[in-house]
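Colleague: Quick one: the structure is below, and I'll ask about it shortly.
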Amino acid sequence: MHYGVIGMGPVGATFAAMLSQGGYRVSVLDANPHRAELFKMKPLKVQGHYKADIQLKEVHTSFYEFAENKPDVVLMSVKAHTIADIVSRIKNSPLAEAAVVSCQNGIDTELEIAKILGDDQAFRMVLNFGVTYSSTHEVNVNFLNEPHFFSPVSKNRRQFAEKIVEEFSISGVKLELVDDIRREVFKKTILNTSLGSICALTRMTMAEVMNEDELTIMVNGIIGEGIAVCKAYDIDIPADFHDKAIAYLARGSNHKPSILVDIETGRQTEVRYLAGKLFEYAREKDIAVPVTQSVFYLIKSLEKSLMLRRYVNSPAE
């Protein structure tokens with residue numbers, strides 16, 4: 001199939017490179033014109049747990065030009081808080097009938113797509129890797145815990161989803177098709193919230209946080225609260241999830257999670273879909289989640305302060 005990638009951050013760049021190297025047509029849309037020009041001139045390289053070295057052929061900074069290519073599958077690799085705006089543009093473009101895949105962190109991102117395009121066009125991927133740019137045209141997959149998980153919102157699209165899973169696997173990215181992705185979404189959100197939130201608040205890497213006893217108490221607290229939320233909603237979380245989660249997070253090395261990078265650069269984070277969603281679901285069932293609630297409020301306040309500071313300090317136009 002023909003794949004479109006919206007958002008050429010490290011995740012989008014990794015998918016674009018791997019799928020292109022796998023022999024599939026890939027069109028990409030990058031809002032950063034400088035980076036887009038580099039992609040046109042230099043091969044895109046992926047190092048670490050994945051390997052690719054490919055010259056992208058269809059790089060766009062214009063949404064209209066990108067949409068005119070009419071990819072069959074659009075991979076949304078942008079920040080979760082931008083989904084509604086971008087999917088609304090998709091609906092009113094030549095991409096109106098494309099399959100749209102949420103590759104974001106957080107809970108209910110695929111439902112944002114379904115609200116606008118309908119269930120049949122909405123798909124969800126849960127990623128189990130950490131990837132960052134190591135140079136302007138090179139990304140590094142710092143850690144990997146395959147498989148990644150994939151699911152259509154509508155059961156009517158299972159056969160189409162199987163085709164996507166097959167083509168990703170041929171390209172070297174192992175996806176597993178699941179009937180109900182809520183379990184994997186909540187598990188990953190608990191992992192992202194527990195360690196990522198603490199990294200964002202302390203400006204420390206994953207390894208640095210996990211090496212501090214006081215901070216790991218907070219990480220453990222968020223994991224426990226997340227499990228309690230899952231139980232309240234009959235989401236089947238394994239009995240040993242807590243122990244496995246800590247073991248998984250301990251392998252994070254000196255990787256900076258995306259929420260920390262957003263804080264460092266003064267950008268809006270995805271906290272509303274992470275700690276915010278866990279807190280929202282907990283509140284609906286009257287479940288106390290004091291650590292999760294605290295980090296949500298703290299990060300929201302911090303990002304507002306940093307974004308305001310960035311605005312005030314930006315040169316006048």
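The values are calculated or read from the model by the stated rules, or taken from the named source; none is laboratory data. Being a predicted model, the structure only gives us computed values, none of them experimental. Using ideal geometry, Cβ is built from the backbone for each residue, glycine included, and neighbour counts are taken over all protein chains shown.
Colleague: Of all residues being surrounded by fewer than 18 Cβ atoms within 10 Å (Cβ to Cβ) and closer than 10 Å to F39 by Cα in the range 55-65, which is modelled with the lowest pLDDT? Just the residue, please.
Modeller: K57
Colleague: Show the residue pairs that are 6+ apart or on different chains and have beta-carbon atoms under 6 Å apart, the first residue being within the range 216-229 and within 13 Å of I246 (Cα to Cα), the second being part of a helix (DSSP H, G or I) and among the small types (G, A, S).
Modeller: Here the result reads V219/S194; I222/S194; I223/S194; I223/A245, each pair linking the range 216-229 to a residue that is part of a helix (DSSP H, G or I) and among the small types (G, A, S).
One line per residue, one yes/no per condition, for (1) in contact with a Leu (Cβ under 9 Å, 6 or more places away or on another chain); (2) not assigned by TED's automatic domain parsing to the domain that holds V26:
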| residue | (1), (2) |
| --- | --- |
| I116 | no, no |
| D120 | no, no |
| S134 | no, no |
| E146 | yes, no |
| F149 | yes, no |
| F160 | no, no |
| I164 | yes, no |
| S194 | yes, yes |
| R203 | yes, yes |
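Colleague: Might you check whether a residue that is in a helix (DSSP H, G or I) and within 17 Å of the chain's Cα centre (by Cα) occurs anywhere in the range 66-80?
Modeller: Yes: one or more hits.
Colleague: So, in the range 262-276, how many residues would count as being over 12 Å from A80 (Cα atoms) and assigned to a loop (DSSP other than H, G, I, E, B)?
Modeller: Looking only at that region, the number is 3.
Colleague: Going residue by residue through the range 153-163, is there one that turns out to be closer than 30 Å to Q21 by Cα, among the hydrophobic types (A, V, I, L, M, F, W, C), in contact (Cβ under 8 Å) with a residue 24 or more places away in the chain and assigned to a loop (DSSP other than H, G, I, E, B)?
Modeller: The answer is yes; a qualifying residue exists.
Colleague: Keeping to the range 84-122, report how many residues are assigned to a helix (DSSP H, G or I) and either farther than 24 Å from Q268 by Cα or of a type outside the set (D, E, K, R) (or both).
Modeller: 15
Colleague: Among the residues of the range 243-286, how many are out of contact with any Lys or Arg (no Cβ under 9 Å at 6 or more places or on another chain) and of a type in the set (V, I, T)?
Modeller: 2
Colleague: Tell me whether the range 45-53 contains one or more residues that are charged (D, E, K, R) and assigned to a loop (DSSP other than H, G, I, E, B).
Modeller: Taking every residue of the range 45-53 in turn, at least one turns out to be charged (D, E, K, R) and assigned to a loop (DSSP other than H, G, I, E, B).
Colleague: Identify the residue in the range 231-261 that is among the β-branched types (V, I, T) and out of contact with any Gly (no Cβ under 8 Å at 6 or more places or on another chain) and, among all such residues, is nearest to A84 (Cα to Cα).
Modeller: V261
Colleague: Residues in the range 178-190: is at least one among the polar types (S, T, N, Q), touching a residue at least 24 places away in the same chain (Cβ under 8 Å) and closer than 28 Å to K115 by Cβ?
Modeller: Yes, the range 178-190 contains a residue that is among the polar types (S, T, N, Q), touching a residue at least 24 places away in the same chain (Cβ under 8 Å) and closer than 28 Å to K115 by Cβ.
Colleague: Out of the helices (runs of 4 or more DSSP H) lying entirely within the range 197-259, which hold 2 or more residues that are of a type in the set (F, W, Y)?
Modeller: So the answer is 241-250.
Colleague: A further question on this structure: Filter the range 33-81 for residues that are under 25 Å from E146 (Cβ atoms) and small (G, A, S) and give the result.
Modeller: G48, A52, S77, A80
Colleague: Between a first residue in the range 234-251 that is within 17 Å of I198 (Cβ to Cβ) and a second residue that is in a loop (DSSP other than H, G, I, E, B), which pairs have beta carbons less than 8 Å apart while being 6 or more apart in sequence or on different chains?
Modeller: If the second residue must be in a loop (DSSP other than H, G, I, E, B), the pairs left are Y248/N145; R251/N145.
Colleague: Please pick out the residue among L191, L175 that is more than 30 Å from S305 (Cα to Cα) and within 16 Å of the chain's Cα centre (by Cα).
Modeller: Going through L191, L175 in turn, just one is more than 30 Å from S305 (Cα to Cα) and within 16 Å of the chain's Cα centre (by Cα): L175.
Colleague: From the residues in the range 1-49 that are modelled with pLDDT of 95 or more and among the aromatic types (F, W, Y), which one is farthest from the chain's Cα centre (by Cα)?
Modeller: Per the stated criteria, the residue is Y24.
Colleague: For S169, work out the one condition from (1) of a type outside the set (A, V, I, L, M); (2) free of Cβ contacts under 8 Å to residues at least 24 places away in the same chain; (3) in a loop (DSSP other than H, G, I, E, B) it doesn't fulfil.
Modeller: Unmet for S169, out of (1) of a type outside the set (A, V, I, L, M); (2) free of Cβ contacts under 8 Å to residues at least 24 places away in the same chain; (3) in a loop (DSSP other than H, G, I, E, B): (3).
Colleague: Please tell me if V141 is touching a Phe, Trp or Tyr at 6+ places or on another chain (Cβ under 8 Å) and either β-branched (V, I, T) or part of a helix (DSSP H, G or I) (or both).
Modeller: Considered against the rule, which asks whether it is touching a Phe, Trp or Tyr at 6+ places or on another chain (Cβ under 8 Å) and either β-branched (V, I, T) or part of a helix (DSSP H, G or I) (or both), V141 comes out as yes.
Colleague: A further question follows. Criterion first (touching a strand residue (DSSP E or B) at 6+ places or on another chain (Cβ under 6 Å) and modelled with pLDDT of 95 or more) does E176 satisfy it?
Modeller: Judged against the criteria, E176 is a match.
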